[in-house]
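Student: Just dropping this structure here.
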Amino acid sequence: MGYLTLKGPGSARLVVKKSVFIGYASPANTEEDAKAFITQIKAHHDDATHNVSAYLINDGKNFAVRYDDDGEPKGSAGKPVLKVIQNKGLSNVVVVVTRYFGGIKLGYGGLVKAYSDAASLAIGNAGITEVYEKERFEVTFPYSLFHTVKGVVENAGGRVVGEEYNQRVKFTVETRRGEAEELMELLTEKTRGRVRFW
């Protein structure tokens, strides 16, 4: 089973009625990673009015969901940030939205929207990727089939993660768990049986 997470860290800045909202999003493999990221942002913005945070860790083994309004009205900040993470179907993600108050109150609805938008923009800038369990196999073939084999592997969503060149070419192929057998059959078919697997 795969899950969606972030490609890397991302940030975004938003100004709403003179208040500045800065969203930070990052992948986090454990609850400790998430907490360390929150601490780092809070330290960087220790002069901010609020540092609102939320994270969701779920990799099949570990599960943790937390949010913190950091002094904003209950449910107006951390929860909307968490909702953005959940609505995008993401796991192993932490988001912090820093706010510098601009002197104009936004009201409950305004806060929900501003925090949601800042979180969403930061996640968008980080980029989303799919993480899945992988398996590997090795395939050898004559040099003349190099482009055919490489093309079949890549078109099927696999990746060549190792290459060796002796009398024959040897590729180490990585694919999603459960898809290796299908890819082997396809390679056999496309090369008319001129490949060998290990």
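The values are calculated or read from the model by the stated rules, or taken from the named source; none is laboratory data. For clarity, every value in this text was computed on a predicted model and none was experimentally measured. Heads up, the Cβs are rebuilt from the backbone with ideal geometry, glycines too, and the neighbour counts pull from every protein chain shown. Surface accessibility is based on the protein's heavy atoms, side chains included, excluding ligands, DNA and RNA. Shrake-Rupley method; radii C 1.70, N 1.55, O 1.52, S 1.80 Å.
Student: Working only within segment 1-44, note down all residues that are under 14 Å from Thr98 (Cβ atoms), open to solvent by 30 Å² or more (accessible area, probe 1.4 Å), assigned to a strand (DSSP E or B) and of a type outside the set (Gly, Ala, Ser).
Tutor: Across segment 1-44, the qualifying residues are Arg13, Leu14, Val15, Val16, Tyr24.
Student: Okay, next question. Of the conditions (1) under 18 Å from Leu82 (Cα atoms); (2) in contact with a Phe, Trp or Tyr (Cβ under 6 Å, 6 or more places away or on another chain); (3) outside any strand (DSSP E or B), Ala48 fails just one. Which one is it?
Tutor: (1)
Student: Now, a different point. From the residues in segment 140-196 that are polar (S, T, N, Q) and outside any strand (DSSP E or B), which one is least open to solvent (accessible area, probe 1.4 Å)?
Tutor: Thr191
Student: Further, regarding this structure: So Asp59 ticks every box in (1) in contact (Cβ under 8 Å) with a residue 40 or more places away in the chain; (2) of a type in the set (D, E, K, R); (3) open to solvent by 70 Å² or more (accessible area, probe 1.4 Å); (4) farther than 16 Å from Val112 by Cβ but one. Which box is left unticked?
Tutor: For Asp59, the exception is condition (3).
Student: Could you look through segment 125-139, keep only residues that are farther than 30 Å from Ala12 by Cβ and modelled with pLDDT of 95 or more, and pick out the one that is most open to solvent (accessible area, probe 1.4 Å)?
Tutor: Glu138
Student: Continuing with this model, one more query. Among the residues of segment 112-160 satisfying the criterion of being of a type in the set (Gly, Ala, Ser), free of Cβ contacts under 8 Å to residues at least 24 places away in the same chain and out of contact with any strand residue (DSSP E or B) (no Cβ under 8 Å at 6 or more places or on another chain), which is nearest to Gly23 (Cα to Cα)?
Tutor: Only one residue tops the list, namely Gly151.
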